[in-house]
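Each remark here refers to the structure printed beneath this line.
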Amino acid sequence: MACRVLLLIVLLGVTAHLTEARCGRKSQNVKVDNCTGKVCTLPKGGNTGITIRFRPDKPYDRLKAKVTGVLGGIRVPFAGVPSDACSGLQQGACPVQPGQEYVYRADIPVSRAYPSISAKVEFLLVDAETDESVACSLIRVRIR
């Protein structure tokens, strides 16, 4: 059961609403489908989309997505989001340029097998070569 909970935390990585805290100046505008509050309730058995608008402060050739679930202080990397963030750009394309607005979008399924749980998730878009943070969002979710 503990492995299932950790897996759930990881799989929730891109399905929540932004709470700006740990991301500092890299924090970005995030919208989650069907969510207007500080904590998003995600229905089991459906898909949830996340959209991130960001403006890089310098050029980057390639971007990758990194998602980490946080529950009780334990950080677990999420492997379910495609790592090539350039393929998820809905506005703009790689290489990204400083000062221009880009829009990244990911759609994530929420399995009926997930337990009902609340968690925080850190979603990062990073430089594919150096792992330097380009955009960051700390988000909170509740699965029902």
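May I ask you to derive the FRET efficiency for SER87 and ASP57 from their Cβ-Cβ distance with R0 = 22 Å, giving the value to the nearest 0.05?
My answer for the efficiency is 0.45.
Lysines within cross-link reach of LYS58: Cα-Cα under 25 Å, excluding same-chain residues under 8 positions apart?
Within reach: LYS26, LYS31, LYS66.
Set the Förster radius R0 to 35 Å, insert the Cβ-Cβ distance between GLN97 and ARG144 as r into 1/(1 + (r/R0)^6), and round the FRET efficiency to 0.05.
Step by step, r from the Cβ atoms, then E = 0.30.
Measure off, as a whole percent, the carbon and sulfur share of the 1.4 Å-probe accessible area of region 44-144, all protein chains present.
Exposed carbon and sulfur together represent 47 percent of the surface.
How many angstrom separate the Cα center of region 118-136 from the Cα center of region 36-76?
8 Å
Equivalent ellipsoid semi-axes for region 39-78, as square roots of 5 times the alpha carbon gyration tensor eigenvalues: give them largest first, rounded to whole Å.
Working through the eigenvalues yields semi-axes of 26, 17, 10 Å.
Compute the Cα gyration tensor for region 51-139, then decide on rounded, prolate or oblate, letting a ≥ b ≥ c be the square roots of its eigenvalues: rounded whenever a/c is under 1.5, prolate when a/b is larger than b/c in the other cases, and oblate in all that remain.
Verdict is prolate for region 51-139.
Accessible area per residue for region 36-121 in Å², computed with a 1.4 Å probe and the full protein assembly in place, what is it?
Using a 1.4 Å probe on heavy atoms only, each residue of region 36-121 averages 51 Å².
The values are calculated or read from the model by the stated rules, or taken from the named source; none is laboratory data. From a predicted model like this one, the values you see are computed outputs, not experimental measurements. Every residue, glycine among them, receives a Cβ derived from its backbone with ideal geometry; neighbour counts consider all protein chains shown. Remember, those area values only see protein heavy atoms, side chains included, never the ligands or the DNA or RNA. Shrake-Rupley method; radii C 1.70, N 1.55, O 1.52, S 1.80 Å.
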